[in-house]
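The values are calculated or read from the model by the stated rules, or taken from the named source; none is laboratory data. Given the structure is predicted, the values throughout are model-derived calculations rather than measurements. So basically every Cβ, Gly included, is an ideal-geometry build from the backbone, and we count neighbours across all protein chains shown.
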Amino acid sequence: MTRSGRLALRLVGSAVVLAALFQFVSWRTVGEALQRVPLATFSLVVAGFLASHVVGTIKWRLVIGVAGARLRFAEAIECYAAGIFSNIFLPSIVGGDVLRAVLSGRKSGRMEAAVLGGAADRLLDVAALGALALGGGMLVGFRAPGALHTLVALGVALAVVVAIALVALSIPMPLKRWPPRIRRRVALALIALRRQRRRPGVLLVALLAACAIQAALTLLNVPIGRALGIEAPLSAWFFAWSLSKVASLLPVSFNGIGVRDAAFTALFVPLMSDGGITDEARRGMAVASSLAWQATLLVSSLLAGAAWGWLKRARPAVQHG
């Protein structure tokens, strides 16, 4: 299938999921809920989002540096901002990872290391989300319908991915068996993997940083939820938000739109406090919370794009100054 065909399918996927979601909640209910979010609260959430990604830049730079792609901090900020900005236009959340890897590979001269390091960084983020979802699920007692089955499926999927990766890394395959055209790239990739295996402590620090960043991003949703009138324990936010973000990585929608909102609503509504409001009102608040986060991503991406453009213009001036 062509790239445009895949893009069209993902757009259709997002549209179908959103259409199905709004069969259970009215646009009017969601709109009225969104009007209750103060601009000051939204602005603080955007600022917190950007601050968390400054820490994310440090983590990503550390991980790709272990693989051999070393960047100055200003270069890392530029590449990372480009990745955040590109998420608006690319069909998947991991699309920004691709652009980030390409830019960092060109700047460092180690494309294979940048790609493998970026992949490792993304896997650490997914592992962190899985850990937060598991912790949140245990604290809420798996009260959400299907919560236990969802976490079991997530754990099995992660275990399969890890097992495949370990088997692939443990099977020796001499370079001479690879086609000559890609032999050099394979050799460079193996060198990058070897460097990562030699520094497990650094990867552990990066994993802990990933957990802290994802926890901070989860907590940024809470003030939006409170402005909407949502009452729910923190454990419910960690459970529902983390799993919905993992669901948004599935290649069935445009940038996770629709899938994340539907997953969050389905997981979060049963964990909300009753508060004497109707089920439709609670669904409306959950959808509004998810859409407000989508707006946060949009505004933050635009600001990251502005920062990327400024850094691109400023760098030549510095080099020639």
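The table below lists the values:
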| item | result |
| --- | --- |
| Options 228, 250, 271: the member that is within 26 Å of residue 64 (Cβ to Cβ) and surrounded by fewer than 24 Cβ atoms within 10 Å (Cβ to Cβ) | 250 |
| Any hit, the stretch 265-279, residues being acidic (Asp, Glu) and over 15 Å from the mean Cα position of the chain (by Cα) | yes |
| Residue 40 being small (Gly, Ala, Ser), without any contact (Cβ under 8 Å) to a residue 12 or more places away in the chain and either in contact with a Pro (Cβ under 8 Å, 6 or more places away or on another chain) or assigned to a helix (DSSP H, G or I) (or both) | yes |
| Residues of the stretch 59-74 classified as buried (at least 17 other Cβ atoms within 10 Å of the Cβ), in a helix (DSSP H, G or I) and either in contact (Cβ under 8 Å) with a residue 40 or more places away in the chain or under 16 Å from the mean Cα position of the chain (by Cα) (or both), total | 8 |
| Residue within the stretch 298-318 that is surrounded by 21 or more Cβ atoms within 10 Å (Cβ to Cβ), among the small types (Gly, Ala, Ser) and not in a helix (DSSP H, G or I) present | no |
| In the stretch 114-123, the residues that are buried (at least 23 other Cβ atoms within 10 Å of the Cβ) and within 13 Å of the chain's Cα centre (by Cα) | 118, 121 |
| Among (1) under 22 Å from residue 302 (Cα atoms); (2) buried (at least 22 other Cβ atoms within 10 Å of the Cβ); (3) modelled with pLDDT under 90 - the single one residue 97 does not satisfy | (2) |
| Condition check for residue 260: within 23 Å of residue 124 (Cβ to Cβ) and in a helix (DSSP H, G or I) | yes |
| Members of the stretch 233-247 found to be among the small types (Gly, Ala, Ser) and surrounded by fewer than 24 Cβ atoms within 10 Å (Cβ to Cβ), listed by number | 235, 247 |
| Candidates 257, 213, filtered to the one that is farther than 15 Å from residue 271 by Cβ, of a type in the set (A, V, I, L, M, F, W, C) and modelled with pLDDT of 95 or more | 213 |
| The stretch 26-43, residues that are in contact with a helix residue (DSSP H, G or I) (Cβ under 6 Å, 6 or more places away or on another chain) and over 17 Å from residue 225 (Cα atoms) | none |
| Complete set of residues in the stretch 111-126 that are modelled with pLDDT of 85 or more and farther than 21 Å from residue 249 by Cα | 111 |
| Any hit, the stretch 276-291, residues being closer than 24 Å to residue 87 by Cβ, assigned to a loop (DSSP other than H, G, I, E, B) and aliphatic (A, V, I, L, M) | no |
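Okay, residues lined up against (1) touching a Phe, Trp or Tyr at 6+ places or on another chain (Cβ under 6 Å); (2) modelled with pLDDT of 80 or more; (3) surrounded by fewer than 16 Cβ atoms within 10 Å (Cβ to Cβ); (4) of a type in the set (Lys, Arg):
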{"residue": "13", "(1), (2), (3), (4)": "no, no, no, no"}
{"residue": "16", "(1), (2), (3), (4)": "no, yes, yes, no"}
{"residue": "31", "(1), (2), (3), (4)": "no, yes, yes, no"}
{"residue": "34", "(1), (2), (3), (4)": "no, yes, no, no"}
{"residue": "39", "(1), (2), (3), (4)": "no, yes, yes, no"}
{"residue": "44", "(1), (2), (3), (4)": "no, yes, yes, no"}
{"residue": "47", "(1), (2), (3), (4)": "no, yes, yes, no"}
{"residue": "52", "(1), (2), (3), (4)": "no, yes, no, no"}
